[in-house]
1. Charges only on Cβ, +1 for Lys and Arg, -1 for Asp and Glu: so what's the dipole of the chain about the Cα centre, in debye to the nearest 20?
2. Return the sequence-ordered ³J(HN,Hα) values of region 38-55 in whole Hz as given by the Karplus equation 6.51 cos²θ - 1.76 cosθ + 1.60 applied to θ = phi - 60°, using x for Gly and Pro.
3. Given [x] -0.43, -0.62, -1.11; [y] -0.32, -0.55, -1.42; [z] -0.34, -0.58, -1.56, which label gives log10 I(q)/I(0) by the Debye sum over Cα atoms at q = 0.10, 0.13, 0.21 Å⁻¹ as computed from the coordinates?
4. Under a plain spin-label model, where a point goes 7 Å from the Cα along Cα-to-Cβ, how far apart in nm are Leu124 and Lys73?
5. Separation between the Ser83 and Asn40 pseudo-spin-labels, each 7 Å from Cα along Cα→Cβ, expressed in nm?
6. Cα-based Rg of region 14-91 per 2.2 N^0.38 Å, rounded to two decimals?
7. Just from its helices, what would the mean residue ellipticity at 222 nm be for the chain, if runs of 4 or more DSSP H residues each count -39500 (n - 2.57) and the sum is divided by every residue, rounded to the nearest 500 deg cm²/dmol?
8. What FRET efficiency, computed as 1/(1 + (r/R0)^6) with R0 = 41 Å and r the Cβ-Cβ distance, is obtained for Asn64 and Thr101, rounded to the nearest 0.05?
Amino acid sequence: MLGHEAHRWSVIYLNRSLMLIQGLLFTRHQIFGIEKIPKNQAIIVVSNHQNMMDIPPLIWYFRNQHVKFISKKELGRGIPSISFNLRKGGSLLIDRNSRNTAIAQITQYGHHIYKKNMPLLFFLKERGVIVPP
């Protein structure tokens, strides 16, 4: 209804609020090597996160570039705020059961990210194992 910029700012401030709440619980965040991350250039951040507390600091850090995600399609429905952001924020939702389709979608999406100079966050499945196709 209000467009892309309104959505982007709502995501930014929601995640900032989540970080402030975590601060009330004495949770501190540190991102090492920030100075090595290029600005206004397409990058891919691959992480094996432990829980949902890992995500808001990364979204906050990349707030000026509206970070995108590659996520399993199951996260695209039923989770307040998260599902909406994944569906409406330009992220890619893949079916992990359809490997060939997922690989093709990720490849195409990677080209899109590269052309637009966007940051992409990709969180591995709990096992955190990367295997060749």
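Every read-out reported here was derived from the displayed coordinates using simple, explicitly stated rules and does not represent laboratory data. If you're wondering where the values come from, they're calculated on a predicted model, not measured in any experiment. Here the Cβ is made from the backbone with ideal geometry for all residues, glycine too, and neighbour counts use every protein chain on show.
1. Dipole about the Cα centre, nearest 20: 200 debye.
2. With coefficients 6.51, -1.76 and 1.60, one gets x, 8, 6, 9, 5, 9, 10, 10, 10, 9, 10, 7, 8, 7, 5, 6, 6, 7 Hz.
3. Label of the calculated value: [z].
4. The answer from the label model is 2.5 nm.
5. If labels sit at Ser83 and Asn40, their model points lie 3.8 nm apart.
6. Details: Rg = 13.3 Å, N = 78, 2.2 N^0.38 = 11.5 Å.
After normalising by residue count via 2.2 N^0.38 Å, the value is 1.15.
7. Per the formula, -12500 deg cm²/dmol.
8. 0.80
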